[in-house]
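Beneath this line is the structure, given in structure tokens, with notes to follow.
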Amino acid sequence: MLTISLEEPGRFAARDAAEPRLAPGEALVRVHRIGVCGTDLHAFAGRQPFFTYPRILGHELGVEVIDPGDDPRGLRPGDRCAVEPYLNCGRCGPCRRGRPNCCSALKVLGVHLDGGMRPVFAVPARKLHPSARLDFDQLALVETLGIGAHAVERAQLAADDFVLVVGAGPIGLSAIQAARVSGARLAVMDLNEARLDFCRSRLGIERTVRPGAGAPEALKALGGGELPTCVIDATGNRQSMADAFTHVAHGGRIVFVGLFPGDLGFSDPAFHQRELTVMGSRNSLPSTFRDVIRFVEEGRLDTRPWITHRFRLAEVPDVFASKIAGDPSVLKAMIEA
């Protein structure tokens, strides 16, 4: 079967691979949709931490069950599912405490282990989340939505919060969608005016602001004289993450959901003076996947406007550099397997 492998930074190759065999606890799935995310772009550029080559990418997946294996949960052939790509050990301290998203031995499909850029593969059945109502496009975006939703869970937003989401790429958009479900007042910051226009015109976000020296005063104007009580930064940019400490109100929270591969500094006196809470947010939880699927089924989350580009799996080696990684107009590319 056709398999697309990232052989080294900047080079995909099409290879022929054998059909997989099921191990105990695994299900065989047919891949229908693969979303392209920042992790894939960073791996292609050679900037993804914890990554080795060659690797079959693909962790935002909409799949169909071919063989449920020995799964006791009642999966059936033909079930449409989102894939939770975070393979946790189930034994370490975080796993025992209900935090499998930050398992000390975590392996992520498409990052540490081969992922879904292939027509068929085997995945632990416990990592499949079925829906009889969602299509494969929607299912492939559940993982992205889950990352933003988990960041909002970490932030513990309430209706009286004023939250700033920094970065209007796919992860930022997922945080925006989840923050709207919480009922909090919302503002969005991005350098890219086209993305801010997308937030205004397609998502109905009224409060938008560009970063820069005047951003704190602009945020106060949007917040009725107050800075945001919570900042969720989805940029993975050192300067943006450092600026979060000046964009948040006294007593506020900062959630870093973007990953910056380096060190981050801040002013300790300003941190203490504001009594800030700073959190990282990694991946999401199984319960978050179920919540996101329910929200999409109920129409409370809509990912359809995100998809700006489509390609076939066989086209990836030829088009990834020029039409996905090299095109600033791409918001979310969807690969059809």
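The values are calculated or read from the model by the stated rules, or taken from the named source; none is laboratory data. Since this is a predicted model, take the numbers as computed values, not measurements. In this analysis, Cβ positions are derived from the backbone assuming ideal geometry, glycine residues included, and neighbour counts consider all displayed protein chains. Accessible surface is based on the protein model in full, side chains and every heavy atom, while ligands, DNA and RNA are left aside. Shrake-Rupley method; radii C 1.70, N 1.55, O 1.52, S 1.80 Å.
What's the percent breakdown of Cα-Cα distances in region 68-145 across 10 Å bins, shortest bin first?
17, 45, 34, 4
Sort out for me the Cα centre separation of region 269-337 from region 1-53, rounded to whole Å.
The two parts, judged by their Cα centres, are 17 Å apart.
Accessible area per residue, 1.4 Å probe, Å², for region 53-187: what's the number? Write down the numbers at each step before the final one.
Numbers: 4620 Å² over 135 residues.
Solvent-accessible surface per residue comes out at 34 Å².
What is the sum of charges, Lys and Arg at +1 and Asp and Glu at -1, for the other residues whose Cβ falls under 13 Å from the Cβ of K127?
Details: positive: R73, K107, R126, R290; negative: E26, D71, E84, E143.
Net local charge, K127 excluded: 0.
Would you work out what percent of the accessible area of the chain, with all protein chains in place, is carbon or sulfur (probe 1.4 Å)? Numbers along the way, then the final one.
Working: 7210 of 14700 Å².
It is 49 percent, rounded to a whole number.
Which order do the peptides 25-35, 163-173 take when ranked by the mean count of other beta-carbon atoms within 10 Å per residue, highest first?
On the way: 25-35: 22.4, 163-173: 27.0.
Packing order, densest peptide first, comes out as 163-173, 25-35.
Mean residue ellipticity at 222 nm from the helices of the chain, using -39,500 (n - 2.57) per DSSP H segment of n ≥ 4 over the full residue count, to the nearest 500 deg cm²/dmol?
Values: 11 runs with 96 residues, N = 337.
Theoretical 222 nm ellipticity from helices: -8000 deg cm²/dmol.
Taking every Cα atom in region 245-307, find the radius of gyration and the maximum pairwise distance Dmax, and write them in Å.
Reported Rg and Dmax, both Å: 16.7, 46.
Please enumerate, by chain and number, the lysines with C-alpha under 22 Å from the C-alpha of K127, excluding those fewer than 8 residues away in the same chain.
Candidates past the 8-residue exclusion: K107.
Dipole magnitude of the chain about its Cα centre, charges +1 at Lys/Arg Cβ and -1 at Asp/Glu Cβ only, in debye to the nearest 20?
Working: 40 positive and 39 negative charges, 90 e Å.
The calculation lands at about 440 debye.
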